[in-house]
Amino acid sequence: MSNTVYIGYQFKVAPLQPGTEILIAELGYAGFESFVETEEGVTAYIQKDEWNAAILEDIQILDSDEFEISFTFEDIEQTNWNEEWEKNFNPIIVDDVCSVRAPFHEKPDTKYDIIIEPKMSFGTGHHETTHMMIQHILKNDFEGKSVLDMGSGTGVLAILAEMKGAKPIDAIDYDNWCYVNSLENVERNSCEHITVLEGDASLLIDQKYDIIIANINRNILLNDLGVYVKCMNPNGSMFLSGFYVEDIPAIEEECNKHGLTFVERLEKNKWVALKFVN
Amino acid sequence: MESYATKILKMAKELSKVVKLQVRGGAANPSPPVGPALGAAGVNIMEFCKQFNARTQDKPGKVLPVVISVFKDKSFDFVIKTPPAAVQLLEAAKVKKGSGEPNRKKVAKVTWDQIKAIAEDKMQDLNAFTSEKAMDMVAGTARSMGISVTGKKPN
């Protein structure tokens, strides 16, 4: 997804309103994905895969006498937009035993020292959900367990699982940047039991795992939970995060439907990380 | 004189820039425009995407305006607004586009009651002081799109 090249259209619109608003509404239906409002109008973005030369032909407001609209457009290569933040973020230490840091940070005195270069992937320990998932992993027995990390991002959770003795481990992410980044971080931490795969729940066919970890979001979890559960060994555990306290009833209901039992909840700033067993 | 701590606190919340985006619910990713708009300001884009997507799970795929305040300490805060009046008008009229000749060629109809519902929903964002003014603004947008308004204007 995020590896795709985008096309950006810069529109000048007069009068600005409601011209810009109508233009955005029509572009949205034509497949444009996102918009930035500017002083003169709007910049609209579309994925190159969705684009064709006639994409603006059906945008009616461009023909309207009421508005004067001009535009230019350009290809936009995907680069690491998050570089500015990534070049000097602070290391994170969870429960005094697990650190997540960049290669440029000094080595801390922790039992589990994870080195991550995130390159626009999620999972540096700064976010509440990553923090709590690390806490879950620290508290549970991973020795010799097979593990699936869905939505692996930087691969941080899979790496910690290996440091805690888990094997083998599959780490899956649908985003190409995350897939590549997980591979890089797995190597950076000298992990030997992690297989990184690019894709989604459709990659799960007849694999079986003792433990499944998924820090994604409510809708994807609700959609894919049944597939995950089919991949669980008896006496297995599942750790879910990426949603808020208010989403718990929906998640719990879906888990119960698939025969899982709620065990433990961690909560931080309204974000939660839940443990279920089968 | 203000204390050092107060100074730091003030600095921490000093506004650096305001970014107005429209992104599909549940689908923010670090690509443009989120990436370049927030990345250059030193914001952790991944953090924004995770929060935005979690907060918009109930409106997947809907184009939602979001106003992001970026502070000098690289922290951020954002407000998600309801879909723009033009988007709501297309939805209410069940069409995907307006008219290229809004005065001569009408492409759809909405009722005044529908205009009223949209106006009330957008009242805060429209800077309209009265609901009547808000209704007029939404009806004006409808006319500019070639959507005619039917029925009797409610009070």
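Please work out the C-alpha center-to-center distance from the range B:16-39 to the range A:68-118 and express it in whole Å.
The two parts, judged by their Cα centres, are 17 Å apart.
Could you tell me the extents of chain A's C-alpha atoms along the three principal axes, largest first, rounded to whole Å?
Taking the Cα atoms of chain A, the three principal extents are 70, 47, 34 Å.
Set the bar at 25 Å for Cα to Cα. Now go through A:LYS257/B:LYS81; A:LYS164/A:LYS270; B:LYS17/B:LYS133; A:LYS107/A:LYS275; A:LYS12/A:LYS87; A:LYS208/A:LYS257 and name every pair that lies beyond it.
A:LYS257/B:LYS81; A:LYS164/A:LYS270; B:LYS17/B:LYS133; A:LYS107/A:LYS275; A:LYS12/A:LYS87
Accessible area per residue of the range A:1-130 at 1.4 Å probe, in Å²?
47
Taking trypsin sites (Lys or Arg not before Pro) as candidate sites, keep only those in a DSSP loop with at most 15 other Cβ atoms within 10 Å, then name the longest stretch of chain A containing none of them.
In short, A:112-207.
Where the eigenvalues come from the Cα gyration tensor of the range A:1-159, what are the semi-axes √(5λ) of the equivalent ellipsoid, largest first, in whole Å?
46, 16, 13
Give me the dipole magnitude in Debye, nearest 20, for the range A:5-84 about the Cα centre, with unit charges on the beta carbon: positive for Lys and Arg, negative for Asp and Glu.
Dipole of the range A:5-84, to the nearest 20 debye: 40 debye.
Quick one: in chain B, what % of C-alpha pairs are over 29 Å apart?
36
For the range A:6-87, which GluC sites (Glu not before Pro) are in a loop by DSSP, counting at most 11 other Cβ atoms within 10 Å?
Passing sites in the range A:6-87 are A:GLU39, A:GLU57, A:GLU77.
Please give the calculated 222 nm ellipticity per residue for chain B, where each DSSP H segment of at least 4 residues contributes -39500 (n - 2.57) and the sum is spread over every residue; nearest 500 deg cm²/dmol?
Estimated from H runs of four or more residues: -11500 deg cm²/dmol.
Under the √(5λ) rule applied to the eigenvalues of the Cα gyration tensor, what semi-axes describe the equivalent ellipsoid of the range A:129-277? Give them in Å, descending.
They are 22, 16, 15 Å, listed largest first.
Using a probe of 1.4 angstrom, how much of the accessible area of the protein assembly as shown is carbon and sulfur, in percent?
50
Once the dipole of the range A:1-121 is set up with Lys and Arg at +1 and Asp and Glu at -1 on Cβ about the Cα centre, which of A:GLN10, A:ILE22, A:TYR45 lies farthest towards its positive end?
It is A:TYR45.
Scanning chain B for trypsin sites (Lys or Arg not before Pro) in DSSP loops with at most 13 other Cβ atoms within 10 Å, what's the longest stretch left with none?
B:14-93
Which is farthest toward the positive dipole end of the protein assembly as shown among A:ILE92, A:ASN185, B:MET145, measuring Cα position about the Cα centre, with Cβ charges +1 (Lys, Arg) and -1 (Asp, Glu)?
B:MET145
Can you list which of the chymotrypsin sites (Phe, Trp or Tyr not before Pro) found in the range A:88-167 are DSSP loop residues with at most 14 other C-beta atoms within 10 Å?
When the chymotrypsin sites (Phe, Trp or Tyr not before Pro) of the range A:88-167 are filtered for loop state and at most 14 Cβ neighbours within 10 Å, A:PHE104 remain.
How large is the charge dipole for chain B, taken about the Cα centre, if only the Cβ atoms of Lys, Arg (+1) and Asp, Glu (-1) carry charge, to the nearest 20 debye?
Charge dipole, chain B, about its Cα centre: 560 debye, nearest 20.
What FRET efficiency would be calculated for the residue pair A:GLU198, B:GLU14, taking the C-beta separation as r and a Förster radius of 56 Å, to the nearest 0.05?
E between A:GLU198 and B:GLU14, to the nearest 0.05, is 0.85.
Can you work out the PRE-style zone for A:GLU264? Point 7 Å along Cα to Cβ, and I want the residues of the range A:124-161 with backbone N under 13 Å.
A:132-142
Assuming R0 = 41 Å, can you tell me the calculated FRET efficiency for the pair B:ASP136 and A:ALA54, based on Cβ-Cβ distance, to the nearest 0.05?
E(calc), rounded to 0.05, equals 0.70.
Given B:LYS13/B:LYS59; B:LYS106/B:LYS152; A:LYS139/A:LYS230, which pairs have Cα atoms separated by over 27 Å?
B:LYS13/B:LYS59
Taking the convex hull of the alpha carbon atoms in the range A:5-84, what volume per residue do you get, in Å³?
Here the figure is 92 Å³ per residue.
Over the range A:80-166, consider all pairs of different Cα atoms and compute the Kirkwood hydrodynamic radius from their mean reciprocal separation; express it in Å, one decimal.
13.2
The values are calculated or read from the model by the stated rules, or taken from the named source; none is laboratory data. Everything numeric here is computed off the predicted structure, so don't read it as measured data. Backbone-built Cβ (ideal geometry, glycine too); neighbour counts: all protein chains shown. We work out accessible area using only protein heavy atoms, side chains counted, and drop any ligands, DNA or RNA first. Shrake-Rupley method; radii C 1.70, N 1.55, O 1.52, S 1.80 Å.
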